[in-house]
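Below is one structure, written out as structure tokens; the observations come after it.
The values are calculated or read from the model by the stated rules, or taken from the named source; none is laboratory data. Everything numeric in this text was worked out from a predicted model, so none of it was measured. Here the Cβ positions follow ideal geometry from the backbone for every residue, glycine too, while neighbour counts run over all protein chains shown.
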């Protein structure tokens, strides 16, 4: 019961707040902007715009998406991972393995 | 005048069809799906879903976006670049430099 | 004084063992193999081998290098970051910021 | 017989010069430097250097390796691909497919 809601968020205990709670509005604003970027890219393709210009916008959107990922990872390590490390060593092992898988996916390994 | 519209597309001559014309519907379908993925990620954040699950979906969307980029690059090399190489050596040099910049951006160099 | 040498490794306190100590031999073996891969790539270029085959080997070496990076990141989070989170909150903030910079560099943001 | 040796290089016809011939010394110098970087990283691990500093050097070496890849790709498109496009349409199709596979590997798709 001493666990603070902001940090002890897991897939199982999803009624609690996730690690990114304090930056939620920021992440949503970025994702909203990315959705607009993707829509803009579709419009460029519809309008037969030059391939290279379309590719430049795809690179920008991909980079923006990675920025959101890095922000969420930062929140996750600060919140969930270190909280588990502090209070529940058995659960921490699980968090480390999960984080490792996530980094591998982010780096496409 | 013997230039086919499908291949001789540049930023300047944008009234002509781009290299990706024959795959346009396919690219648009993929971009549409990605737009839906981004919207789904926003919904996950709104719903306080577990950080790692959000990150997994971001990796999937990023990969899907790169698939579109590789498809457009393939179309561009087959269309614009080789057409320039065949018919207009001076313009080809410009195309090669532009392609190189685009690859560097795609690889984030 | 209760800090174990294996976990409290920082740039300043570099007389202590780094987070990757227990996997040191493994990381060195992988790096050694990568050094051999790079030497092999040089030999391919010297021998005028086909561009695409050289590029395939470069992708393999790049991926192997990222595997070492992910292994070191995993060791770092398990060791240094969570130890700081447990015992020294002020230092933890510094570790989180440093980890974030490192992730951004790894993802080329 | 009118094919110039510098451009018509394939895996099968490997007695001819590859597309990167004119930049061979440059690519070898870069690869040599990267080999030294990898050796330096091994030394850092041997010396128990701080994890983050090792990771920073790995990112630098990975980026340098991608620079070689982009240089070789540029040479390949200018040489092999456009030459095939100009002189041998049947072979060009094969080159395009091969280039596409290579881009996918470089982007880890």
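Only one entry of C:17, C:64, C:92 meets the criterion of being modelled with pLDDT under 90 and under 24 Å from residue D:40 (Cβ atoms), and that entry is C:17.
Evaluation of residue A:18 against the conditions (1) in a helix (DSSP H, G or I); (2) more than 14 Å from chain C (Cβ to nearest Cβ); (3) in contact (Cβ under 8 Å) with a residue 40 or more places away in the chain shows that the sole unmet condition is (1). Looking at (1) closer than 19 Å to residue A:59 by Cα; (2) crowded, with 21+ Cβ neighbours inside 10 Å, which is the one condition that is false for residue D:100? Condition (2) is where residue D:100 drops out. Residues of the stretch C:85-97 that are buried (at least 19 other Cβ atoms within 10 Å of the Cβ) and free of Cβ contacts under 8 Å to residues at least 12 places away in the same chain: C:85, C:92.
Going through C:53, C:47 one at a time, which residue ends up being out of contact with any helix residue (DSSP H, G or I) (no Cβ under 9 Å at 6 or more places or on another chain) and over 26 Å from residue A:101 (Cα atoms)?
On the way: C:53 fails: out of contact with any helix residue (DSSP H, G or I) (no Cβ under 9 Å at 6 or more places or on another chain).
Within the list C:53, C:47, the selection yields C:47.
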